[in-house]
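Worksheet: the structure to be examined is printed underneath.
The values are calculated or read from the model by the stated rules, or taken from the named source; none is laboratory data. All values reported here derive from a predicted model rather than from experimental measurement. Here the Cβ positions follow ideal geometry from the backbone for every residue, glycine too, while neighbour counts run over all protein chains shown.
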Amino acid sequence: MISDDEDKLAAFLDGQMDDAEMAAFEARLASEPALAARAETWQANDRRIVDAFAPVADMPLPADLLAKLKTTPSPVPAANDNAPWWRRHAVPLGGALAASLVALAMLAPNPDAGGQKDLAFALETGRSLTPVQLADGSTITPTMTVRAADGRFCREFQSGETLGLACRKDGRWSVEAQAKGSGPAGQGDLAVAGGADASALADAYAKLGASDPLGAAEEGQLISKKWSAE
Amino acid sequence: MGSGHAGAAIMKDAILAVLPRLRRFCHAMAGNAADGDDLMQSTVERALAHGDQFQRGTRIDSWLYRIAQNLQIDLARAKGRRGTAVDVEDAFGLIGDDGEGVFRRAELAAVSRALADVPEDQRAAFLLVVVEGLSYREAADALDVPVGTIMSRIARARGRIDKALGRAGGIMQ
């Protein structure tokens, strides 16, 4: 029994209504207990499914598939050493860097925002691993978010062959460390160059006393709350 | 390789970046981890073989989701049934054998059974929006159907899921 109501309930739960539709539907929920009960059940079911599958995106990816997708011949980092996560990245790698990064953060749809599209815009509003097109036509990809020991939020980002680490203080982003790649010319835009770069950032991470990377959900909340941790 | 090499390298990197999410989608579509990884593998192989069909300026994850959905529909049709006969309790070996791992596997098994009751097209729409966080518009673009179709597929999916989860009476059963 698919009814118009069920379509509406779906759109309501998925945040796909405009303000007027939302207000009208909320009024109905308040006066129709059966509809409200179904909304609650559906939402609880959604939550169960989201929670059950969340860890799948954090599992180590199959090595054979990673090898097939690797674009730069490079040694693969040992999977299970006990070094801090940022040091595990500090090895010469190409596609493998992307691989180890994506294991730490999930992709999310890129919020469609306006304003001046510069580096700060990308860091302020972009989900990790989602490329942000800037006003000047270049692309910045935030790759992960960490919290420094002093409480600041910091983000690693990538632009062409440049890797950077920027931290946010009083609403401004400042670049703490940057490393230029020296990869072979003609490599793909997204490819990352050699090992010196990652270790340069590793020093910066160590100096900041960076936490483990934040999960996608936490990062998403921070972005939506303009990086206010409260 | 030839002239397409640089493009292929960019595509590989782009696929790599969305692979964890594609994998989650594939696991949920296929009903268990082993079939899900097979589906992810086939999806990536097809994408690499047909890179010329990718429309520049569109989202690579959307394209991969569509490939995965279509492969899963073909697979289900070939098997002449929906879902999977694999014992999901055995198939999901997520974490260790500690208490939490057991709980997680049982929960995954329960929700996978519920999803198996949902037809592939509805399942895909539901997963893209609810689990992967796409908007109706984005899901509609990915699956190449109108937005209204996404909405009603998700509504139907939720109805079936609720019946299945309600029938199971919770994961402790």
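Give the residue that is surrounded by the fewest Cβ atoms within 10 Å (Cβ to Cβ), with candidates limited to residues of the range A:9-37 that are part of a helix (DSSP H, G or I) and within 30 Å of the chain's Cα centre (by Cα).
Selected residue: A:Asp19.
Take A:Glu40 and decide whether it is within 13 Å of chain B (Cβ to nearest Cβ), exposed (fewer than 13 other Cβ atoms within 10 Å of the Cβ) and part of a helix (DSSP H, G or I).
Yes.
All conditions in (1) modelled with pLDDT of 95 or more; (2) surrounded by 21 or more Cβ atoms within 10 Å (Cβ to Cβ) hold for B:Ser152, with the sole exception of (2). If you go through the range A:191-226, how many residues are modelled with pLDDT under 80 and either of a type in the set (D, E, K, R) or outside the structural domain of A:Gly171 (by TED's automatic domain parsing) (or both)? Residues flagged as modelled with pLDDT under 80 and either of a type in the set (D, E, K, R) or outside the structural domain of A:Gly171 (by TED's automatic domain parsing) (or both) within the range A:191-226 amount to 3.
For the range A:134-151, which residues satisfy the criterion of being free of Cβ contacts under 8 Å to residues at least 40 places away in the same chain and either surrounded by 14 or more Cβ atoms within 10 Å (Cβ to Cβ) or assigned to a strand (DSSP E or B) (or both)? If the condition is that a residue be free of Cβ contacts under 8 Å to residues at least 40 places away in the same chain and either surrounded by 14 or more Cβ atoms within 10 Å (Cβ to Cβ) or assigned to a strand (DSSP E or B) (or both), then A:Leu134, A:Ser138, A:Ile140, A:Pro142 are the ones that fit.
Inclusion of B:Thr58 among residues that are among the β-branched types (Val, Ile, Thr), under 28 Å from A:Val132 (Cα atoms) and modelled with pLDDT under 90 is warranted. Of the residues making up the range B:36-67, those that are under 13 Å from the mean Cα position of the chain (by Cα) and in contact (Cβ under 8 Å) with a residue 40 or more places away in the chain number 6. Filtering the range B:7-38 to residues that are more than 10 Å from chain A (Cβ to nearest Cβ) and touching a Leu at 6+ places or on another chain (Cβ under 6 Å) leaves only B:Ala30.
Being touching a helix residue (DSSP H, G or I) at 6+ places or on another chain (Cβ under 7 Å), part of a helix (DSSP H, G or I), more than 8 Å from chain A (Cβ to nearest Cβ) and surrounded by fewer than 24 Cβ atoms within 10 Å (Cβ to Cβ) narrows it down to one of B:Ala109, B:Ala124, so name that one. Talk me through it step by step, then tell me what you get.
Values: B:Ala124 fails: surrounded by fewer than 24 Cβ atoms within 10 Å (Cβ to Cβ).
Going through B:Ala109, B:Ala124 in turn, just one is touching a helix residue (DSSP H, G or I) at 6+ places or on another chain (Cβ under 7 Å), part of a helix (DSSP H, G or I), more than 8 Å from chain A (Cβ to nearest Cβ) and surrounded by fewer than 24 Cβ atoms within 10 Å (Cβ to Cβ): B:Ala109.
Under the condition of being hydroxyl-bearing (Ser, Thr, Tyr) and farther than 15 Å from A:Glu219 by Cβ, the residues counted in the range A:141-183 number 4.
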